[in-house]
1. At 1.4 Å probe size, with the rest of the protein present, what percent of the exposed accessible area of the stretch 14-190 is carbon and sulfur atoms?
2. Does the chain come out rounded, prolate or oblate, given a ≥ b ≥ c as the square roots of the eigenvalues of its C-alpha gyration tensor, rounded meaning a/c under 1.5 and, failing that, prolate meaning a/b above b/c?
3. Run the reach check for Lys31 against aspartates and glutamates, Cα to Cα strictly under 17 Å, same-chain hits fewer than 8 apart removed. What comes back?
4. To the nearest 10 degrees, how steep is helix 278-288 against the longest Cα principal axis of the chain, on a 0 to 90 scale?
5. With both bridge residues required to lie in the chain, what share of the DSSP beta bridges run antiparallel, to the nearest 5%?
6. Quick one: accessible area per residue over the stretch 144-244, 1.4 Å probe, rounded to a whole number of Å²?
7. So which residue, out of Gly388, Gly261, Gly326, gets the largest mean-square fluctuation from a GNM of the chain using Cα contacts under 10 Å as springs?
8. Hey, for a label at Thr166 modelled as a point 7 Å past Cα toward Cβ, could you say which residues of the stretch 37-59 have their backbone N under 12 Å away?
Amino acid sequence: MNPQTTRARDAHAPRARRIVVGVSGSIAAYKAPSIIRLLRAAGHEVRTVPTAAALRFIGAPALAAVTGAPVQSGVFDDAAAVAHVQMGEWAELVLVAPASADLLARAAAGRADDLLTATLLTTTAPVVMAPAMHTQMWNHPATRHNVDTLRRRGVTIIDPDAGPLTGSGYGAGRLPEPEQIVARALAALDAARDTAAAAAGAPGDLAGRHVVVSAGGTREPLDPVRYLGNRSSGRQGCAIATAAAARGARVTVVSAHAEPGVLAELPPQVDIVPVTTAMELRDAVRAAAADADAVVMAAAVADFRPAEVADTKLKKHSLRASGGTGEPVRQAAPVIPLVENPDILAGLVTDPPRQDGEHTLVVGFAAETGDADGDVLAHGAAKARRKGADLLAVNAVGTDQGFGDVPNAVVVLDAGGTEVARAQGTKQEVAEALVELIAARLNSRRPSV
Ligand code: CTP
């Protein structure tokens, strides 16, 4: 391995944290012990606070055993110790998993009728909630409103997964897997730490820099209701934006349909420019990059778009072809000609938008699966040479790696295809490692102001 390789995980060795795990009344409460176990296995100290309803799904002795400490549920369980204040002050992170519709409602209303809601009111620590409930409850306007309220207050809400639900039915409402919840919760803790450090005036080595990040996935319309799109959530791009902002950079996110929950977690000072198509993304990125020190193309850009966008909905049945009988005639499957979109990343290199002579550091991503022609790295190296970006972060993608809320790993190559760094972990950790590389390159040319 290249001796200059950056080992992102070593640089971000986790520190033991004090974490309150709240458990509320949902069938998914059975996953709480796994969450607690994972947190403790990672070296963190946990206190568990179940609601009364949670204790109907899982017993206090089981929770106490995995926590390694007694559990309390009511504000009067240990009144002399003023547990409701103590617990909130003790916590460096409060994670509520699962968060039932009722718990979200009580938290949004500021109720304090049990130890968990009282802790939520007294703590100044970051709060992460992982809702789990039936789809109808999740989609109900009351729950949507409560989730919006909590997000506006800075609570990180982990969107539930879609899948088969208890009883009958299929839809959004399932508690994500414990590993994903723990990764998101710890990432929120790190982000809060970085924001606090920035607010306290900790040196931001990207102060005075402008970093542009594209995030999400473009959508190419076929007709007024359909589009060609992809599964990108925007999480990696937004994590990079957050990491750059934490180091003092002015950050613009050009968002091609990044998920609302992901955008909601960006620091408030980050500018967001929404776009839909690859052409709009190109124009917005180039406009923002006119004074940028670095551009990170994390968006998944459609390589092709339909040559023509139908003004009206493409129909399976045609009335016109009925020959005046009024009986619709079934059409053959349409063939949709495509035209190639411009390569935005390569264009930033060959035709830099910045006109004042300053170099803009251009960073790309290459999502690869490997195939019969070559493995992930072979494709990545060829792409690095073809695109000419200063840095290209290559990651392996499949159905369960690289997309969505899962840990990933990247190998960073330079414009010649040579490996300069590796990073792995949560998208937050990967983002921090990439921003570290960007900052090092920018600051080696000109110190930040
Ligand atoms: N990209 C871009 N414009 C495009 C396509 C991709 O700017 N029209 C950027 C992406 O944002 C990413 C990098 O190029 O930073 C690599 O994207 P990828 O889809 O992996 O590469 P492609 O050029 O599509 O190559 P291939 O289809 O051969 O894998």
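1. Details: 4210 of 7560 Å².
That fraction is 56 percent.
2. Values: a/c = 2.09, a/b = 1.28, b/c = 1.64.
Judged from the Cα gyration tensor, the chain comes out oblate (a/c at least 1.5, b/c at or above a/b).
3. The qualifying aspartates and glutamates are Asp159, Asp161, Glu177, Glu179.
4. 80
5. Details: 23 of 67 bridges.
Around 35 percent of the beta bridges assigned by DSSP in the chain are antiparallel ones.
6. Working: 4170 Å² over 101 residues.
I get 41 Å² per residue for this part.
7. Maximum fluctuation in the GNM of the chain, among the listed residues, is at Gly326.
8. So the set is 53-58.
The values are calculated or read from the model by the stated rules, or taken from the named source; none is laboratory data. Because the structure is a prediction, the values reported are computed rather than measured. Cβ atoms come from the backbone with ideal geometry, glycine included; neighbour counts cover every protein chain shown. The accessibility values were calculated without ligands, DNA or RNA, using every heavy atom of the protein model including side chains. Shrake-Rupley method; radii C 1.70, N 1.55, O 1.52, S 1.80 Å.
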